[in-house]
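*Asks:* Following this message is one structure expressed as structure tokens.
The values are calculated or read from the model by the stated rules, or taken from the named source; none is laboratory data. This is a predicted model, so every value here is computed, not measured. Cβ sites come from the backbone with ideal geometry, for glycine too, and all protein chains shown count toward neighbours.
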Amino acid sequence: MYDETWVGQHLDLMTWFFSKAPSASPRGVPLGMLEEILRRSTSLKPSRKGDALIAKNDRLTTRVEVAAPENPEGHDATINAIVTIKTAFPKEMLAFGTTPGFMATMNSLATLGAATEEDGQVYIGSRLTVYEGEDAWDVQFPLLMLATIAAADTMLGATGRVLARQAPVAPEPSFWTDDDFEIVHASLSKISVCTTGGPGLTAEFGLRPGEIAAIAGHRNTALWEMRTDQPHPEIGGGLCCLLNLPHPFDSPDKLDITLLALNRLEMAGNDLPPHFGAWCRGKRENNPAYVSFLPNDLHTIAEGIALNMSMWAYRRAQLADAMLQTMEIGNR
């Protein structure tokens, strides 16, 4: 089960880390610092194997691996490293099957990773693309760390609750406030129709020239929402982030297969936004959506992360729309 005390246990280590440049680690990725935090502040047992960090507990094994990009040329920067976080499915979960429909249900409960099938292997995965000169570890490192610690546990715990018909955990209030959403609004309103109020923020991302809002009759817009009133069944309070694409599917099976393909592409991608979430069924049940859930801890140690998530969602909407068009899937 997700342990909310981990921030307090290693906050001093985090403060020390952010006061220094990343240590000499593979391709500038601070695996050594991650290993130190896991060893000091969690029940995981970390070890190094080349450019990979292996973290184990009694039932799960997570592999954090740093690799060179297949193509270092990004759309506006040079890619320095691709970091993948993969946790193999436990045997008891494999017993329920790994059909596209079951995987889609699991991914609707995602926090910072997606249930993914690749070459016959099933795992919960996240990915970080690191660019040269980016200097964004104040946000990237907490995401990398928490995905390693909790992405698998939180999804598997929530799935177990659903299968066993257990009540969700009692949520504490979300740490995100109107002030956080006003900061996001100041940036998103320059590129989208964006509103705040109530429990969060809503924005529409145009996917075609001249199309900006569904209320104007435009059909090619993606809906981005960040809400504080939708707690996670295993974590409780935090920030639910959901990107709904407008593309309809005439078959649930076809949608679920496409969602698996999108999650697989997220893990393989080079020049893509950070992948800390999952493609799942959208609000209409016949459209694809990308969901992430940020625990309250991330508000504490990753200032401004809501804006980062929003800008990544904007780019993800454009890229996913292009991918779906190549699959001849659209809303026309």
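*Asks:* Return the total of residues in the stretch 40-69 being modelled with pLDDT of 90 or more and either outside the structural domain of THR154 (by TED's automatic domain parsing) or of a type outside the set (S, T, N, Q) (or both).
*Replies:* 20
*Asks:* Looking only at strands (runs of 3 or more DSSP E) that lie completely in the stretch 38-143, which have at least 3 residues being hydroxyl-bearing (Ser, Thr, Tyr) and buried (at least 16 other Cβ atoms within 10 Å of the Cβ)?
*Replies:* Numbers: elements: 45-49, 52-56, 61-67, 79-88, 114-118, 121-131.
Hits in the stretch 38-143: 121-131.
*Asks:* If you go through the stretch 49-64, how many residues are within 19 Å of ALA150 (Cα to Cα), charged (D, E, K, R) and in contact with a helix residue (DSSP H, G or I) (Cβ under 9 Å, 6 or more places away or on another chain)?
*Replies:* So the answer is 1.
*Asks:* Still on this structure: When you scan the stretch 243-250, do you find a residue that is closer than 30 Å to ALA68 by Cα and touching a residue at least 40 places away in the same chain (Cβ under 8 Å), even just one?
*Replies:* yes
*Asks:* Looking at LEU307 and the list (1) modelled with pLDDT under 95; (2) over 25 Å from MET103 (Cβ atoms), which single condition is not satisfied?
*Replies:* The failed condition is (1).
*Asks:* Checking the condition modelled with pLDDT of 95 or more and in the same structural domain as SER108 (by TED's automatic domain parsing), which residue from THR159, THR148, THR202 passes?
*Replies:* Working: THR159 fails: modelled with pLDDT of 95 or more; THR202 fails: in the same structural domain as SER108 (by TED's automatic domain parsing).
Matching residue, one of THR159, THR148, THR202: THR148.
*Asks:* Being in a helix (DSSP H, G or I) and in contact with a helix residue (DSSP H, G or I) (Cβ under 7 Å, 6 or more places away or on another chain): is that true of LEU201 here?
*Replies:* no
*Asks:* Is there a residue being of a type in the set (Gly, Ala, Ser), crowded, with 16+ Cβ neighbours inside 10 Å and in contact with an Asp or Glu (Cβ under 9 Å, 6 or more places away or on another chain) anywhere in the stretch 146-156? Steps first, answer last, please.
*Replies:* First, pick out the residues of the stretch 146-156 that are of a type in the set (Gly, Ala, Ser): 147, 150-152.
Now drop any that are not crowded, with 16+ Cβ neighbours inside 10 Å, which leaves 147, 150-152.
Subsequent filtering for residues that are in contact with an Asp or Glu (Cβ under 9 Å, 6 or more places away or on another chain) retains 150.
Yes, the stretch 146-156 contains at least one residue that is of a type in the set (Gly, Ala, Ser), crowded, with 16+ Cβ neighbours inside 10 Å and in contact with an Asp or Glu (Cβ under 9 Å, 6 or more places away or on another chain).
*Asks:* ILE212 passes all but one of (1) under 21 Å from ALA317 (Cβ atoms); (2) among the hydrophobic types (A, V, I, L, M, F, W, C); (3) buried (at least 19 other Cβ atoms within 10 Å of the Cβ); (4) in contact (Cβ under 8 Å) with a residue 12 or more places away in the chain; which number fails?
*Replies:* (3)
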